[in-house]
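The values are calculated or read from the model by the stated rules, or taken from the named source; none is laboratory data. As the structure is a computational prediction, the values presented were derived from the model and not from experiment. FYI the Cβ positions are ideal-geometry reconstructions off the backbone, even for glycines, and counts take in every protein chain you see. Areas reflect the complete protein model, heavy atoms only, side chains present, ligands, DNA and RNA absent. Shrake-Rupley method; radii C 1.70, N 1.55, O 1.52, S 1.80 Å.
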Amino acid sequence: SEEFMTELNQLKRSMNISLPWDNDNRNFSLPTPIISLNLPKSATLTLKEFFKCGGFISAHTFIPSTAVRLGDCIRDNFLTNDPPFRGCDRDNATKEEIQFYSDAGVQGFLRGPQCFYSSLNDGGLDHIAQHYPHATIVMMPRPFEDWYKSARKWGDGRLFGIWKRICNFTGSVGHCRTKDDEPCWRDFYEAHTVKVREYAKTHLDLTYVEVHLDESSPSVLESYTGISS
């Protein structure tokens, strides 16, 4: 994470693309919307609470004050090529505009369009960049072993089963035989991070923040977000 961010920051500076955290007085705010592309069981709720604490109107899994999943809204907008957050960009109770989104995918129970993740489904990242070309993308990769243990435990492997049998994601996930196929899920998890990184490198108008989930996360997040940890 640190090496990639150094490389990306140097590339942007060489092209005179401003970085929010280069502000000398450290009084800055990230461009919105801020979208976490972390996979489930990868600190999605932690990030939501962090940005909420920093004063950002934040949503995790559901449109605030509703039982409507963000992933359902984004998927439907993807299918009609409407802005990803059209109809799910405000807290239903306060009517405040949502600034930070996390865990915004959805697992289906039937084959078809029910299952959707912007960073996994083909065209999902383009959908974000097309409508929000100056958005902020946040990634907090978790050590694979920790993620695998947590995801495998959830619903006794139900998450892995849905991704394999129903979602039909392209790439290595389609070859993972069972929830116990650890090497295959490692390939899947690491390929996801690489895919998002490569997209950030070719869409430099997006602000990209990547912080590895470890004991240094709070201070590094603070340096890139301006939010005190």
(request) Counting other Cβ atoms within 10 Å, keep those with at most 13, restrict to DSSP loop, and tell me which chymotrypsin sites (Phe, Trp or Tyr not before Pro) in the stretch 1-92 are left. (result) none
(request) Enter the accessible area of ILE227 (Å², nearest 10), with the probe set to 1.4 Å and all protein chains included. (result) 10 Å²
(message) So, for the chain, what is the accessible surface per residue at a probe of 1.4 Å, expressed in square angstrom?
(response) 49 Å²
(request) Could you pull out every one of the lysines with an alpha carbon less than 22 Å from that of LYS201, ignoring same-chain neighbours closer than 8 positions? (result) LYS12
(request) Find how much the distance from GLU97 to GLU215 grows on full extension, using 0.36 nm per residue of separation minus their present alpha carbon separation; answer in nm with one decimal. (result) 39.3 nm
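Ignoring ligands, DNA and RNA, please state the percent of accessible area on the stretch 116-229 from carbon and sulfur, probe 1.4 Å.
Details: 2630 of 5270 Å².
Answer for the stretch 116-229 is 50 percent, counting heavy atoms of protein chains only.
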(message) Let me check something: with ligands and nucleic acids excluded, how do ARG142, ARG86 order by accessible area (1.4 Å probe), largest to smallest?
(response) ARG86, ARG142
(message) I'd like the accessible area for LEU19, computed on protein heavy atoms only with a 1.4 Å probe and all protein chains in place. Round to 10 Å², please.
(response) 10 Å²
(message) Between SER228 and GLU49, what is the label-point separation in nm under the 7 Å Cα-to-beta-carbon projection?
(response) 1.9 nm
(request) Quickly estimate the mean residue ellipticity at 222 nm for the chain, helices only: each DSSP H run with n ≥ 4 gives -39500 (n - 2.57), and the total goes over all residues, rounded to 500. (result) -11500 deg cm²/dmol
(message) Using the basic label-point model (7 angstrom from Cα toward the beta carbon), what is the PHE144 to THR80 distance in nanometres?
(response) 4.0 nm
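Sort largest first and round to whole Å: the equivalent ellipsoid semi-axes of the stretch 1-96, each the square root of five times a Cα gyration tensor eigenvalue.
Square roots of five times the eigenvalues give 29, 17, 15 Å.
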(request) Within the stretch 1-77, list the trypsin sites (Lys or Arg not before Pro) lying in a DSSP loop whose Cβ has at most 16 other Cβ atoms in a 10 Å radius. (result) ARG26
(request) From zero up to wherever the largest Cα-Cα distance of the chain sits, split into 10 Å bins and tell me the percent of pairs in each. (result) 8, 33, 38, 19, 3, 0
(request) Leaving ligands, DNA and RNA out of it, rank SER29, SER18 by accessible area with a 1.4 Å probe, largest first. (result) SER18, SER29
(request) May I ask for the angle, rounded to the nearest 10°, between helix 144-153 and the longest principal axis of the chain, with both axes built from Cα atoms and the value confined to 0 to 90°? (result) 50 degrees
